[in-house]
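Participant: First the structure, then my questions, so here it is.
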Amino acid sequence: MKKLIVAATCALAVMTGSVQAKEWKDIRIAFDVPYEPFEYKKPDGSLTGFEVELAEAMCKELQANCDFVIQSWDGMIPGLLARKFDAIMSSMSITPERQEKVLFSEPYYNTPGGWFAKDDVNTDPTDMDAMKGKIVGVQRGTTMDTYVTENMSGTVEIKRYTTADDMVLDLEGERLDMVFVDYPVGEQTLLNRDGFHEIGQPVKLGEGVGVAMRKRDQDLADQINKALEKLKNDGTYDTIMKKYFTYDVKM
């Protein structure tokens with residue numbers, strides 16, 4: 001009996017060792033739109049933005065057929081786990097809480113959170129006495145939401161939004177005192193308009209942004225990591241980055 005068990009164990013080891021990693025040639029990638037400059041729609045309805053172009057270049061490097069899926073932010077991880085798509089490439093910061101649910105690629109960019117307000121507001125966001133009673137807008141489920149919730153609950157009133165566009169509209173309508181958003185989003189959506197400015201200093205959050213996948217899909221993560229590294233080394237990443245940012249966001 002012992003010999004049979006040993007033989008069966010050895011046979012299983014041989015079979016397991018012979019299994020090759022799955023090569024992904026059809027990949028569904030989810031984006032939260034609009035989130036300018038990372039992902040947004042052109043007037044003709046087509047998708048563009050930093051992460052969209054990076055995803056296109058990544059898929060070309062992988063020689064994969066990629067379908068782009070638009071998904072609201074609060075449904076991102078549930079949609080991934082429900083197999084509605086295979087990867088999230090939508091400015092998802094790598095955090096310990098998310099790592100319990102999903103598998104991340106190596107980080108491919110890192111930008112801080114930024115505070116933005118109308119020109120007549122000059123409150124220092126680090127001064128809790130001055131912040132008392134202020135209404136702060138954040139996008140629901142982001143690292144900015146987590147930061148404000150953990151550090152300012154009980155001091156400020158927090159209003160959470162599904163999209164960055166809705167948050168900006170409420171800031172314009174003076175229903176918010178300030179917003180805390182991914183810095184390039186504030187730069188693109190507010191600093192390019194008259195009447196808005198940055199307040200305080202940018203805040204570094206998380207460990208950078210990565211592509212999120214299901215934990216079982218390590219083979220997909222390996223392919224994506226390899227492709228992104230190639231794009232960084234051959235200059236493709238820098239070419240795309242310079243179209244959308246005035247500073248280096250590469251990890």
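The values are calculated or read from the model by the stated rules, or taken from the named source; none is laboratory data. The structure presented is a predicted model; accordingly, all values stated were derived computationally and were not measured. Cβ: placed from backbone, ideal geometry, glycine included. Neighbour counts: every protein chain shown. SASA here: full protein model, heavy atoms, side chains in, ligands and nucleic acids out. Shrake-Rupley method; radii C 1.70, N 1.55, O 1.52, S 1.80 Å.
Participant: Looking at (1) within 16 Å of the chain's Cα centre (by Cα); (2) assigned to a loop (DSSP other than H, G, I, E, B); (3) of a type outside the set (A, V, I, L, M), can you tell me which one Gly75 breaks?
Facilitator: In the conditions (1) within 16 Å of the chain's Cα centre (by Cα); (2) assigned to a loop (DSSP other than H, G, I, E, B); (3) of a type outside the set (A, V, I, L, M), Gly75 misses (2) alone.
Participant: What about Glu61, is it open to solvent by 60 Å² or more (accessible area, probe 1.4 Å), within 23 Å of Thr163 (Cα to Cα) and touching a helix residue (DSSP H, G or I) at 6+ places or on another chain (Cβ under 9 Å)?
Facilitator: For Glu61, the condition - open to solvent by 60 Å² or more (accessible area, probe 1.4 Å), within 23 Å of Thr163 (Cα to Cα) and touching a helix residue (DSSP H, G or I) at 6+ places or on another chain (Cβ under 9 Å) - is not met.
Participant: Can you give me the number of residues within the stretch 125-148 that are farther than 19 Å from Trp73 by Cα, open to solvent by less than 70 Å² (accessible area, probe 1.4 Å) and in a loop (DSSP other than H, G, I, E, B)?
Facilitator: The qualifying residues number 4.
Participant: Now a separate question. So which pairs qualify, if the first residue must be in the stretch 192-207 and within 12 Å of Ala117 (Cα to Cα), the second must be loosely packed, with under 12 Cβ neighbours inside 10 Å and of a type outside the set (Val, Ile, Thr), the Cβ gap must be under 6 Å, and the two must be at least 6 apart or on different chains?
Facilitator: Listed pairs, sorted by first residue: Gly195/Asp119; His197/Asp119.
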